[in-house]
Structures are given as C-alpha cells and as structure tokens.
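The values are calculated or read from the model by the stated rules, or taken from the named source; none is laboratory data. Quick caveat: nothing in here was measured; it's all calculated off a predicted structure. With ideal geometry, Cβ positions are generated from the backbone for all residues, glycine too; neighbour counts draw on all protein chains shown.
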Amino acid sequence: MFEELLDERMAWSADRLDVEFRELERSLRALEARRAANLVAAEARQVPAADGHRSTAAYVRAVTRQPAGPVVRRARFCRDYPAAGADLADGRVGIAQIDLLTRMANHPRIGVLCSEPLVARWLAHASDVSLREFTDDLAQWTMLLDHDGAWRDHLDDVARRTAAVRVVAGSVLVSAEGGDVLTAERLARILDRFTEGELQLDAATGDTSVRSNGQRRFDALVKIFDTANEHGDAPGDPVAACVNVTVDERTLHTALAADGLALPGGTVLDMGDLPRADAEALLAELVEQPGALSGRRCHTASGQPVHPRLVVQALLTGHIRRVVLDARQVPISFGTRQRLFTGAAAVAARLLTSTCEHPGCELPAHQCDVDHIEPAAEGGPTDQANAAIECSAHNRLKHQRRWRTARGPIRKLVTYRADGTAMLAVGERPPDPTDAQRDASARARLAGLVALRTGD
C-alpha cells in the first residue's frame, strides 16, 4: 500500500506535492481537534470506567499504546478554551503551539492568571511567527509573569551546577549542567570559536570532509582544556567570549529599580518580588496591545530568555555587551552612507533575531549574512529597519530567484516569490500590505487604467 502511494507521488509535480503536504497538515490538525472533542466527551460520559480504567490517561494508553499525558492535557485545554480547539480544527495553529499554551495554562504559579482573552491573543500570535519564535516569546512572558518563581529556578540551577569528565568503556564522557544562561552562552561561544579553528585547519589541507562537524567540536573541546592547562596562569587578556544581551528600556528600568543589585561584598540585595498587580498589568498590556509580544524582551543573541535580575548583576560584575532597544525596537541606525553591514552595524542587526529569517531555517544568526531588505542599489539604507538576517544559501537564492522581502508589523520578515506570492506556513495569515506595497499596487492599477484608455 505504501509503495503504491509513494510511486503515485513520485510522478506528481513539485506544486502538487506541496499542495498535498499542506492539505495533509490541515487534516492532521482537524483530526486532532476531533480527537480532543471525542476524548472530552468520553471523559464526561465516563467511558474509561466501562473497562475499569481508573483515569482518562489509562484509557488512552490502553487504546493507543502511546503516551497519554500530552493527549489528555491537550483535550482538556481545548475544553477550557474553545477558541484553541476552533483554531486547531480550522488549521490556523499547529499541535505543537497548542501544547505550549497548554503548558502555560497548567503552570503551577501563573496558570491561575490564564484567561480567554490572553489565550486568544497568544493564538493570534502563534499564527504569525515560527514555532521557535513562539516558544521564545512564550518563555519570555512566562518568566516576566512568574518573576519570583523564575528567579528561584535560576538560583536552584546555579546551586546544583556540576561538571565531570569520566572514562566510560574506554572513551571520554564530559557532562555539565546547571549554572545560569549567561555562562551557558559564554561556554557555547567559546566552543564555537575553537570549532571554527578546527574547520580552518581542515580547510587548509584542502579537504573539509576529513572530519565531521561533531568530530571537530570534540577536538575543539580537547584543545580548550589543553589551552587552559598550558596558559591558565599566564598574564594577558581573557578569551574574548562576550555574551550579547538584548533588553528593552522598560524591562531594564524595572530591573534596575526593583531587582537584584550586587553589593560590594558580592552578595545580592533582594528588593522584593513582582507583585500580582504588576503581573496583571503585563497581562492587560498583552491583551490590549498585540505589539507588546515583540516589544518586551530580555534575552541573549541566540534567543535564550535572561532574568532581568541576572542582567543587572552582570552589568555590575560580569562581562556582557548590553543593547538597550528604544520604543521602535531599533538599537542602532547607520543611515545611507554605509553600503555594507559591517562592524557594529552587523552586530546590532544580528541581535534582533537568533536565527536565519528565511522560513524554516534555524542556522544561528552569528553564522548568517546581514543583507538589505530594500537593495542598496535601489536606495535602501544601511540601518536596522532595512536589515535582514539570512544564511549565505538563502541570501544567494533570494537574488537568483528574484525573491523580495518585507517586514510585517511585528518585525517578522516575509519572503515573496517572484510571482508575488508570500511564503507562508499552514494556517499563517497573509501579512498586511506595507505602505510601499500599497503604493506599488495603486501605481500598477493606474498604469492599467491608462493603458486601457489609450487602447480605446
């Protein structure tokens, strides 16, 4: 049966395969909504008890032989927030997005703050951004709402930090966990730096296939240990491994005014927890101002949320580069005199996203190119409003296939094919046209009317 399906599809065109894949995804979402509704009804009618199952989860495990927890929680979330079930049934959001919202609603501390307007706002946001961006944004807001709990979790992670190097069955096993996100980012950057050095060594021999990337990373870690062992006590500058933290003005101001301040003795002054009134104010802002989702931020360059208290401590005692965004979410502007994004301009542009902005690509931003949305040859300025982060492959394809890009209202970069159609995910709403696009459309209609009149 599968071979017949495969043979049939091998004869299809690329367009037909794409249409089929999108329809199948919509069907899967609709089926999951039906399963959720069926499970809620079965739970209400006590169907699991008919076969002696003590819980709905036990019933699901018995029937499906699959993990039951996510299925049951997803169904109950759709029961409590029917808008989520409706969006899932219509294919506007995916199963993974529903599961993330389910986790927020079941959070032990902020779940009580969840409401239908809040869920509706997050559902609308889920249809506008990628899964990775949605995950990061939801984690950011969870941290802001669970200010006290997030800080306790951070302290617990720091307290349980541990590392080990062991010999297991004749091979090395290096493990480390705990600590804080800034330390994790710094270690990752150091490893990336040494891995790049190993890649350059392979390139110098003319054969980069002699080692896999995983092997180069292992050898880079060994070199890090050897270098530290040989030069750990030597004078000189430390390894340049600065962590970039992007934070908006409001979050930084709040952190400086009310969160952890490092004292001369190295201890931390705890100025109190985030009151419930502040949490409710954040929720009201989110519901009333959709742009707040992209306006509040405190994260590293790779998108990892950073607790504002940790930022304050790092500002006073650590080694980080902080970029404070203004109300327009723009840290630096370089005008039109500079044609290429280099130096600080490139660094600042990469701080606005953690990955390549082409749909589906997750190559880290620090490995990508910074390009103009409106080409420099057409007068496009070299500033943050006109900057796009794309990997070398997608940057080349954009020019080869005559793709165009434009920013949406929440800074999302939308890529348009040569025929003018937008590259959108299943269920994603088409972006509102920009002023420039409206002007171009109006000029095209006017030219068409003039041509018709001339023809008459």
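Against the conditions (1) surrounded by 19 or more Cβ atoms within 10 Å (Cβ to Cβ); (2) under 28 Å from Ala68 (Cα atoms), Ile95 satisfies every one except (1).
Exactly one residue out of Asp156, Asp192 is acidic (Asp, Glu), surrounded by 13 or more Cβ atoms within 10 Å (Cβ to Cβ) and at pLDDT 90 or above: that is Asp192. All of Asp87, Asp153 fail the test of being in a helix (DSSP H, G or I), among the acidic types (Asp, Glu), more than 19 Å from the chain's Cα centre (by Cα) and closer than 22 Å to Glu23 by Cβ, apart from Asp87. Would region 36-56 turn up any residue that is closer than 28 Å to Met104 by Cα, in the same structural domain as Asp99 (by TED's automatic domain parsing), surrounded by 12 or more Cβ atoms within 10 Å (Cβ to Cβ) and touching a residue at least 40 places away in the same chain (Cβ under 8 Å)? Within region 36-56, one or more residues are closer than 28 Å to Met104 by Cα, in the same structural domain as Asp99 (by TED's automatic domain parsing), surrounded by 12 or more Cβ atoms within 10 Å (Cβ to Cβ) and touching a residue at least 40 places away in the same chain (Cβ under 8 Å). If you check Gly170, Gly149 for being at pLDDT below 90 and within 30 Å of Ala105 (Cα to Cα), only one passes: Gly149. Could you run through region 175-202 and say how many residues are under 30 Å from Arg309 (Cα atoms) and either without any contact (Cβ under 8 Å) to a residue 12 or more places away in the chain or not hydroxyl-bearing (Ser, Thr, Tyr) (or both)? Final tally of qualifying residues: 18. Residues of region 90-106 that are within 25 Å of Glu23 (Cβ to Cβ), in contact with a Lys or Arg (Cβ under 9 Å, 6 or more places away or on another chain) and in a helix (DSSP H, G or I): Asp90, Ile95, Ile98, Asp99.
Could you tell me whether any residue of region 355-367 is touching a Phe, Trp or Tyr at 6+ places or on another chain (Cβ under 8 Å), surrounded by 15 or more Cβ atoms within 10 Å (Cβ to Cβ) and at pLDDT 85 or above? No: zero hits.
Okay, residues lined up against (1) surrounded by 21 or more Cβ atoms within 10 Å (Cβ to Cβ); (2) free of Cβ contacts under 8 Å to residues at least 12 places away in the same chain; (3) assigned to a helix (DSSP H, G or I):
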site: Val112; (1), (2), (3): no, yes, yes
site: Ala120; (1), (2), (3): no, no, yes
site: Leu123; (1), (2), (3): no, no, yes
site: Phe134; (1), (2), (3): yes, no, yes
site: Gly149; (1), (2), (3): no, no, yes
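Scanning for something over 24 Å from Ala86 (Cα atoms) and either assigned to a helix (DSSP H, G or I) or not hydrophobic (A, V, I, L, M, F, W, C) (or both), does region 24-44 turn up at least one residue? Scanning region 24-44 turns up no residue that is over 24 Å from Ala86 (Cα atoms) and either assigned to a helix (DSSP H, G or I) or not hydrophobic (A, V, I, L, M, F, W, C) (or both). Can you name the residue in region 156-178 that is part of a strand (DSSP E or B) and among the small types (Gly, Ala, Ser) and is also farthest from Leu123 (Cα to Cα) among such residues? Ranking the candidates gives Ser171 first. Apart from one condition, Leu144 fits all of (1) under 26 Å from Arg35 (Cα atoms); (2) buried (at least 19 other Cβ atoms within 10 Å of the Cβ); the exception is (1). So, of the residues in region 1-35 that are under 27 Å from the mean Cα position of the chain (by Cα) and small (Gly, Ala, Ser), which turns out to be surrounded by the most Cβ atoms within 10 Å (Cβ to Cβ)? So the residue we want is Ala33. If the condition is being in contact with an Asp or Glu (Cβ under 7 Å, 6 or more places away or on another chain) and within 19 Å of Val245 (Cα to Cα), then region 119-145 contributes only Arg132.
Residues that are in contact with a Leu (Cβ under 9 Å, 6 or more places away or on another chain), among the β-branched types (Val, Ile, Thr) and not in a loop (DSSP other than H, G, I, E, B) within region 399-421 comprise Thr405, Val414, listed in sequence order. When region 400-412 is filtered for residues that are touching a Pro at 6+ places or on another chain (Cβ under 9 Å) and at pLDDT 85 or above, only Ala406 remains.
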